[in-house]
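The structure appears right after this line, and notes come after that.
Each reported figure results from applying straightforward, stated rules to the coordinates on display, with no laboratory input. Just so you know, these numbers come straight off a predicted model, no measurement behind them. For neighbour counting, all protein chains shown are included, and Cβ atoms are generated from backbone atoms with ideal geometry for every residue, glycine included.
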Amino acid sequence: MPLSRLGLPSGRPLDLIQVRMSSAYAGQLEGYPCKFLNDMRVRAVRAEAEGISPTTPVHLVEPSRRYPDQPAGPFGPVEVLPAVACVGTFRSTPLAPDLDPALHRSALTVAWLQPDPRVPSGEDADPSLLGLAWEELAQDYEL
């Protein structure tokens with residue numbers, strides 16, 4: 001049973017079968033959020049996704065970045081990512097129309113950042129998740 005179901009605008013349903021969440025700035029002891037640190041964090045979230053599902057394609061949704069009106073430090077301007085880093089595995093019906101849906105599925109592991117620690121669900125999910133180009137990114141597999 002999936003944790004949640006998302007519906008893409010194309011009508012394709014996506015089942016979220018696994019999700020990991022962590023603080024975007026967990027472990028940052030010193031400094032301030034800036035482009036350098038944020039780029040490292042985004043790469044780490046993608047690497048985590050690749051490690052979770054080594055046989056499933058991985059897609060990174062580029063996170064939004066805010067630039068609050070604060071003085072720049074030695075590493076440049078303050079740049080803030082959404083608070084929660086997520087890695088989720090999604091499954092759906094097969095991509096290839098000739099595959100039997102009882103024996104095949106399509107899958108994609110997605111890394112993204114979101115503002116709060118809630119499981120994306122339905123049409124209330126982040127627009128970047130609802131805008132996934134599933135047919136281009138996912139891959140079929142046999143059950």
Work out, step by step, the length gained on full extension between SER64 and ARG43: first 0.36 nm times the residue separation, then minus their alpha carbon distance; give nm to one decimal. 6.1 nm
Taking only C-alpha pairs under 8 Å that are 6+ residues apart, what is the relative contact order of the range 1-108 in percent? 33
Relative to a virtual label point 7 Å from the Cα of LYS35 in the Cα→beta-carbon direction, which members of the range 54-92 show backbone nitrogen distances below 11 Å? 76-79
Mean projection area, nm², convex hull over Cα of the range 46-143: 8.1
Cα lying deepest toward the dipole's positive end in the chain, options TYR67, GLY131, LEU6, charges on Cβ: TYR67
Alpha-carbon centroids, the range 115-133 and the range 36-86: separation in whole Å: 17
Quick one: Debye curve from the alpha-carbon atoms of the range 35-84 only, equal weights, vacuum; give me log10 I(q)/I(0) at q = 0.23 Å⁻¹ to two decimals. -0.87
Angle check, please: helix 35-52 long axis (alpha carbons) against the longest principal axis of the chain (alpha carbons), in degrees 0 to 90, nearest 10. 30
log10 I(q)/I(0) for the range 1-107, Debye formula on C-alpha points only (no solvent), q = 0.19 Å⁻¹, two decimals, reads -1.01
